[in-house]
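Derivation of every value follows stated rules applied to the coordinates shown; laboratory data play no part. Treat the numbers as computed from the prediction; the structure is a model and nothing was measured. Don't worry about glycine lacking a Cβ; one is built from the backbone with ideal geometry, like all the others, and counts go over all protein chains shown.
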RNA sequence: GCACAGGUGGGUGAGUGGUUAAAGCCGGCAGACUGUAAAUCUGCUCCUCCUAGCGGGGUACGAAGGUUCGAAUCCUUCCCUGUGCA
């Protein structure tokens, strides 16, 4: 009854695998673009498909506020609502416990949020987060956790970790007893293009390891989360402002305590260099807003390093953004044009920049996967990022 | 020619005797961004000196002169712009 996950090749600690969801296969290691509000900001679904995106992220908290879980459910679930035939993973809202710290209050039972939209008060618990995610219908859903802030003293980290463990148990319990209630009925199977029949649609719940930057607590969190038992495990609570070396240390240590035969998901990471590094350490799934957000802010990732397209030096640059990139943006537009679009505040600039950055991330992951499959570990340092294969 | 209105830093536009090298906005430049409250946020943007600063000096609010301890701000003359009337 667990998510089929097949490891096809290993190279050192890295693995190349295949995850079988109700909405298609996901080749790992995989980078998952973030589409918080059922939209990867700036890029349409057909382009995402063309880029080879196999799985997207959505966010429970945001979709719950707008348009509302019930609305999405009535419209046939998240896949159909947003016309995305491939896999989706929803985050539980646990990260908002962290990022909306000004607007929430945590208790044993759950979290009371004030909506960032209108200030109205809402309560999230492990149970309600599961209910919402079942209603949204993503292929992979996440346990409701508390993303511990950094810095935090050991006591605080432990308390937070214990809370996440209790919430994990409650999340699983609720999910197990309600997951069969396929909430959107028969109508959903009509218009969803190449996806498997909804009758066979399944959802899987991942657990999340916390424990701050404390390696012992990380180990304990991992062990006890595994005891609860999930078809996949996420490493949460990182990229919350800690030094990058610490992040790596924690990831490496935590991975050692996670089962080798289950997918491992590192949440909220990272730069191109980081995703390569973590894939090599044995992470199978990663997501990050960086490529999409940075793109909108004029920061572009290329095989030659970062480029801030807003800089004056590109005003007359007729060359492509990245000479080693085969994306539709690099193949067609000049740096000068992209800079002009940015300077002029044209939406097209954001679109093109996002397409490029996502292409770069996806290509990077594909390159890593191929290298692992060929039995070669890949180690990229900054400035030696992979080039697109023809 | 006469009558009003007005001339401020790259632009626009506040400021009508001192806390004004002169608000705000735009533009320009640089930086940040990592399970998305982010098409966002931060810093710099007259010259010069000190390694450097909430440090010193110099210029600056059309021009010249004046009043005053002190003027972008008050007075005089001139130049220019807009509008109206001849």
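The stretch A:216-246 and the stretch A:116-169 have Cα centres separated by 14 Å.
By other beta-carbon atoms within 10 Å, ranking A:250, A:40, A:245 with the fewest at the front produces A:245, A:250, A:40.
Annotation: the antiparallel percentage among DSSP beta bridges lying fully within chain A is about 50. For the stretch A:94-127, the residues whose backbone nitrogen is under 11 Å from a point 7 Å from the Cα of residue A:293, taken along Cα to Cβ, are A:99.
Computed over chain A, the P(r) curve from all C-alpha pair distances, binned at 20 Å from the origin, holds 29, 59, 12, 0 percent per bin. Computed from Cα positions, the angle between helix A:154-178 and the longest principal axis of chain A comes to roughly 80 degrees. Neighbour counts of C-beta atoms inside 10 Å place A:171, A:44 in the sequence A:44, A:171, starting with the fewest.
In chain A, the longest principal axis of the Cα atoms and the axis of helix A:126-136 are about 50 degrees apart.
Which shape class, rounded, prolate or oblate, goes with the stretch A:21-61 when its Cα gyration tensor gives a ≥ b ≥ c as root eigenvalues, a/c under 1.5 marks rounded, and past that a/b bigger than b/c marks prolate? Cα axes put the stretch A:21-61 in the oblate bin.
Working from label points 7 Å from Cα in the Cα-to-Cβ sense, the residue A:37 to residue A:109 distance is 3.1 nm. For the stretch A:1-115, the Cα-based Rg and Dmax, in that order, read 16.5, 46 Å. Rg ratio for the stretch A:58-103: its Cα radius of gyration over 2.2 N^0.38 Å, N being its residue count, equals 1.25. Ordering A:145, A:363, A:261 from the fewest to the most neighbouring beta carbons within 10 Å gives A:261, A:363, A:145.
Calculate how steeply helix A:272-281 sits against the longest principal axis of the alpha-carbon atoms of chain A, using the helix alpha-carbon long axis, and give the answer as 0 to 90 degrees to the nearest 10. Long axis of A:272-281 versus the principal axis of chain A: about 50 degrees. Based on C-alpha pairs under 8 angstrom that are at least 6 apart in sequence, chain A has a relative contact order of 18 percent.
Computed extension length for residue A:75-residue A:215: 46.0 nm, one decimal, from 0.36 nm per residue of separation with the Cα-Cα distance subtracted. The simple Förster model, with R0 at 35 Å and r as the Cβ-Cβ distance, assigns residue A:153 and residue A:118 a FRET efficiency of 0.50. Taking 0.36 nm per residue of separation and subtracting the Cα-Cα distance, full extension of the segment from residue A:304 to residue A:344 would add 11.9 nm.
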